[in-house]
Amino acid sequence: MIFCPPVLFGYLYIMIGLRIFFLPVFVAGLWFGGCGSLAQGEARFTCFSYSGCDARFEQAIDPGNEYFNPVLAGFHPDPSVCRKGDDYFLVNSSFTFYPSIPIFHSRDLVHWRQLGFVLDRPGQVPLDSLRFNRGIYAPDISYNPHNDTFYVVNTCVDGIGNFVVKCRDPFAGGWSDPIPLPEVEGIDPSLFFDDDGKAYLLHNDMPPGRRQWNSHRALWLREYDTASDRVVGDPVLLLDGGLDFAAQPEWLEGPHLYKKDGEYIMLAAEGGTYEAHSQVALKSFRVAGPYVPCVHNPILTQRDLPADRPDKVTSTGHADMVCTPDGQWYSVFLGCRPYADDFYNTGRETFLLPVAWVDGGPVILPPGEAVPTVVRKEGLEPGGVPATGNFAWSTDFSEGLDDRWLTIRMPRGEWLRTGRRGLTLKDNGQAIDRTANPAFVGVRQQHTDFEAQTDLVCRLADGQFAGMALFQNERHYLLFGKVRCADGEALAAVRCEKGAVTSTFLPLRPEETAEHLTLRVRGAGGSCDLEYAVGREPFAVLAQGVDTRNLSTHTARGFNGVIIGLYTGQLSLASGE
């Protein structure tokens, strides 16, 4: 059973930036019980809890020698990994969520501890007004042993374009402000540091001449000057269209370069980021090519497997590789876990598999093989905050918000505070169905079957809402909480799909409006139950079997997973922008 722990000892932590609390906060002094201490338009959440229980994780494994795939469950797309000594570092895309680019550390490639975020200062990369599938795409993290520096190179789509940030110590953070790369167009840049000290930047861009088909793209190479942090010289074409030009492959992207036994190995994704996704490999004796396909391609895909296979994983690709100190290679890549057909609400997740070298080329997974749920890897170091498998956690917000919590776009103004009585959100006039920064904080949905719960007390004006929000994007969401209407307060369930809203209301009795309200969402696959309790009363059901396929990437498109959060703001019953 999920429960919110009592508040035993209260104190307020205030930090602007990384770790305990990443948003500007404001202090309201000592708080007292009930809603009397709240201003109009404010809602206080005294606790939040989350648990997940997926069937694929309901099996016993040897935690010292086996691990579950995915290794980072729930909305951790486009993984990139690098190593320094015995330490591995990994980053993921974040699109329009803030803080941006989560960064993780591991000693065994399986158990990842989040260090914070690469972009954790509001002035680094503005995300204002960017739509849900724009913003921070596919970051690449790399380590340059020649100057002992870590680099993250990235694209902010519809924003500042391609840029690089760097730091000496990912544990300490403090990544630089973005250094724009105006000469580099397209997306998915990555850096490669050669043995001779030279550096190179690869990226996706338009092909030479005229496009032969709509998704026709090419991969390019530029020399990168680490002294000035800019590209130099003319671009070199590495691959036009894809592995088989005549087949007109879709969306050649995500290039990475490696060196093994004197040969340069290039990985790239083909087929688009949905079910036809795949990974291909090429090699050359010269960094600038020409590159020829490796013997075995694609080196990773799930597109040709039976649709009814158990523990189904789809859309695999956008892979990166890393070599361990003892010479073994592993690959991280994205994949999706549908609950039916190609419906999934958990988004693109990070998977891990060993790499085999066959006929001089890498193979992540042989053709016809499904991504395994359980993988053997000896010498693992279990511990820390679980990032996969079935788990539960809760918070009373007395120590602020940890790295699990995100906002939608860049936070503006003072609309959030934490303290010994919980989390308070103030309506900032920005609705959740607009390309803005609403008064919302949330965490990733990491399981197909989950339960989330919170306690709420609020003071609302007409048209204001306070409660839980399952957010996929500004046109696909589910709200569950309390709303003030012209004739009083009511419980509300509001479902939005493609901007079209359907709603359910249950008027509250006058004596119930000042009571604490407990909200609980029980999700299972493509539906959920919405349950509530007023004061000390037992739980009742507001809505059962609510269709949540509107929150799936299949329906909403884009690249996000669902963020389960808390929201205070205007309740809009009209279509979003």
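The values are calculated or read from the model by the stated rules, or taken from the named source; none is laboratory data. Keep in mind the model is a prediction, meaning the values are calculated, not measured. Using ideal geometry, Cβ is built from the backbone for each residue, glycine included, and neighbour counts are taken over all protein chains shown. With ligands, DNA and RNA removed, areas are computed over all heavy atoms of the protein, side chains included. Shrake-Rupley method; radii C 1.70, N 1.55, O 1.52, S 1.80 Å.
For region 273-423, the share of alpha carbon pairs falling in successive 5 Å distance bins from zero is 2, 7, 13, 16, 15, 13, 11, 9, 7, 4, 3, 1, 0 percent. Computed over Cα pairs, the Kirkwood radius of region 385-427 leads via Stokes-Einstein (0.890 mPa s, 25 °C) to a diffusion coefficient of 197 µm² per second. Here region 422-560 yields Rg over Rh of 0.94, to two decimals, using C-alpha coordinates and the Kirkwood radius.
For Lys260, a cut-off of 28 angstrom between C-alpha atoms picks up these lysines, skipping any fewer than 8 places away in its own chain: Lys84, Lys166, Lys198, Lys283, Lys377. Within the shell of other residues whose beta carbon sits under 14 angstrom from the beta carbon of Glu537, the net charge comes to -2, with Lys and Arg scored +1 and Asp and Glu -1. Measuring r between the beta carbons of Asp244 and Arg309 and using R0 = 41 Å, the FRET efficiency lands at 0.95. With only Cα atoms counted, region 355-414 has Rg and Dmax values of 20.1, 59 Å. Averaging the sequence gap over all C-alpha pairs within less than 8 Å and six or more residues apart, then dividing by the number of residues, gives region 396-510 a relative contact order of 16 percent.
Which semi-axis lengths, in whole Å and largest first, follow from the square roots of five times the eigenvalues of the Cα gyration tensor of region 56-112?
23, 17, 7
Highest-first packing order for the peptide set 81-94, 554-567 is 554-567, 81-94, based on the mean count of other beta carbon atoms within 10 Å. May I ask you to work out the translational diffusion coefficient for region 86-143 at 37 °C, viscosity 0.692 mPa s, via Stokes-Einstein with Rh from the Kirkwood sum over Cα pairs, reported in whole µm²/s? Rounded, D is 269 µm²/s. Estimated purely from DSSP H runs of n ≥ 4, each contributing -39500 (n - 2.57), the mean residue ellipticity at 222 nm for the chain is 0 deg cm²/dmol once divided by its residues. Net charge in the neighbourhood of Tyr98 (other residues with Cβ under 11 Å of its Cβ; Lys, Arg +1, Asp, Glu -1) is +1. When the alpha carbon coordinates of region 65-204 are projected onto the principal axes, the ranges are 45, 39, 28 Å, largest first. Remark: region 334-459 is approximated by an ellipsoid whose semi-axes, taken from the C-alpha gyration tensor as √(5λ), come to 39, 19, 15 Å, largest first.
Against the criterion of solvent-accessible heavy-atom surface with a 1.4 angstrom probe, Cys294, Cys485, Cys53 sort, most first, into Cys53, Cys485, Cys294. From most to least packed by mean Cβ count within 10 Å, the peptides 447-458, 141-152, 180-191 give 447-458, 180-191, 141-152.
Over the chain, with every protein chain in place, what whole percent of the accessible area is carbon and sulfur at 1.4 Å, could you tell me?
The C+S portion of the solvent-accessible surface of the chain is 51 percent.
Between Asp108 and Ser176, the simple spin-label model (points 7 angstrom out along Cα→Cβ) gives 3.6 nm. For region 411-455 and region 208-242, what is the separation of their C-alpha centers, rounded to whole Å? Rounded to whole Å, the Cα centres lie 41 Å apart.
Against the empirical 2.2 N^0.38 Å (N residues), region 167-236 has a Cα radius of gyration ratio of 1.32. Taking all protein chains together and rolling a 1.4 Å probe, Ile160 ends up with roughly 80 Å² accessible. For the peptides 410-418, 274-282, 318-326, the ranking by packing is 274-282, 410-418, 318-326, with the highest mean count of neighbouring Cβ atoms within 10 Å listed first.
Find the Cα radius of gyration of region 186-299, compare it with 2.2 N^0.38 Å by division, and give the number to two decimals.
So region 186-299 has a normalised radius of gyration of 1.04.
Along region 83-96 the Karplus relation, 6.51 cos²θ - 1.76 cosθ + 1.60 evaluated at θ = phi - 60°, assigns HN-Hα couplings of 9, 10, x, 9, 9, 10, 10, 9, 10, 9, 5, 9, 6, 9 Hz to successive residues, with x for each Gly and Pro. Projected over all directions and averaged, the alpha-carbon convex hull of region 126-196 occupies 5.5 nm². Once the mean of 1/r is taken over each pair of separate Cα atoms and inverted, region 218-361 shows a Kirkwood hydrodynamic radius of 16.5 Å.
Computed extension length for Asp194-Ala486: 98.4 nm, one decimal, from 0.36 nm per residue of separation with the Cα-Cα distance subtracted. Excluding ligands, DNA and RNA, the accessible surface per residue across region 426-577 is 34 Å² with a 1.4 Å probe. Across region 330-404, the mean sequence separation of Cα contacts (distance under 8 Å, 6 or more residues apart), normalised by length, yields a relative contact order of 20 percent. If you take all other residues with their beta carbon under 11 Å from the beta carbon of Ser142, and give Lys and Arg +1 and Asp and Glu -1, the sum is +1.
Using only the Cα atoms of region 383-455, each taken as one equal point scatterer with no solvent, compute I(q) by the Debye sum, divide by I(0), and report log10 of the ratio at q = 0.17, 0.22, 0.24 Å⁻¹. Values, matching the q order: -0.79, -1.15, -1.24.
For region 42-86, the equivalent ellipsoid derived from the alpha-carbon gyration tensor has semi-axes of 29, 21, 12 Å in decreasing order. Normalised by 2.2 N^0.38 Å, with N the number of residues, the alpha-carbon radius of gyration of region 535-577 equals 1.59. Here the chain yields Rg over Rh of 0.98, to two decimals, using C-alpha coordinates and the Kirkwood radius.
At q = 0.26, 0.27 Å⁻¹, what is the log10 ratio I(q)/I(0) for region 337-376, with the Debye formula run over Cα points and no solvent? For region 337-376, the Cα-only Debye profile gives -1.02, -1.05. Remark: C-alpha extents of region 27-131 on the principal axes read 54, 38, 29 Å, sorted largest to smallest. Hydrodynamic radius of region 505-577 by the Kirkwood approach over all distinct alpha-carbon pairs: 14.7 Å. For Ser228, the accessible surface of its heavy atoms amounts to roughly 50 Å² (probe 1.4 Å, protein chains only, rounded to the nearest 10). Only Cα pairs under 8 Å and 6+ residues apart enter the sum, and on that basis the relative contact order of region 247-296 stands at 28 percent.
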